[in-house]
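Have a look at the structure below, then the notes.
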Amino acid sequence: MKTPEMIAIIVVAVIAAAELICLFICSKQRGKSYPLCTVLPVFPDDTELSERLEYLSSLIEDGSLIADTILLIDYGGSAEQLQLCSEFCDRYHSAELISPEDIEAYLKKPYKK
């Protein structure tokens, strides 16, 4: 074999080995990802809650939200605000409306993919 053919074979072998190594390393790294949570407090004087929920909706729908869970925490929100939050939670199953007293219990629940 000539030198250019040997070089081509070596380069292809190195690339194939690198791809195999990355395949196994990257697949193991994906298994070690930890869940992320987005928290949105709901205060009675928050006049921009609907805009915040719309923004979260747009992030969810275009796939750019990397959080697995969205927690809407009720700090005395009005009936209208709680209705918006309930509708949001019905629309997106990763969202949940909880009270401040339930935060610790919620975060202690085992993570399920």
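Nothing in this text is a laboratory measurement; each read-out follows from the coordinates by a stated rule. Bear in mind that the values here come from a model prediction, so they are computed numbers and not experimental data. Cβ placement follows ideal geometry from the backbone for every residue including glycine, while neighbour counts extend to all protein chains displayed.
Can you tell me the convex hull volume per residue for the stretch 37-108, based on C-alpha atoms, in Å³ to the nearest whole number?
Hull volume normalised by residue count: 75 Å³.
Which residue, chosen from Pro110, Leu71, Gln83, occupies the Cα position most advanced towards the positive end of the dipole of the chain, where the dipole is computed from +1 (Lys, Arg) and -1 (Asp, Glu) charges on Cβ about the Cα centre?
Farthest towards the positive pole: Pro110.
So, with +1 on the Cβ of K and R and -1 on the Cβ of D and E, and no other charges, what is the size of the charge dipole of the chain about its Cα centre, to the nearest 20 debye?
Here the size comes out at about 1160 debye.
With angles folded into 0 to 90 degrees, how steeply does helix 49-61 sit against the dominant principal axis of the chain? Use alpha carbons for both and round to 10.
20 degrees
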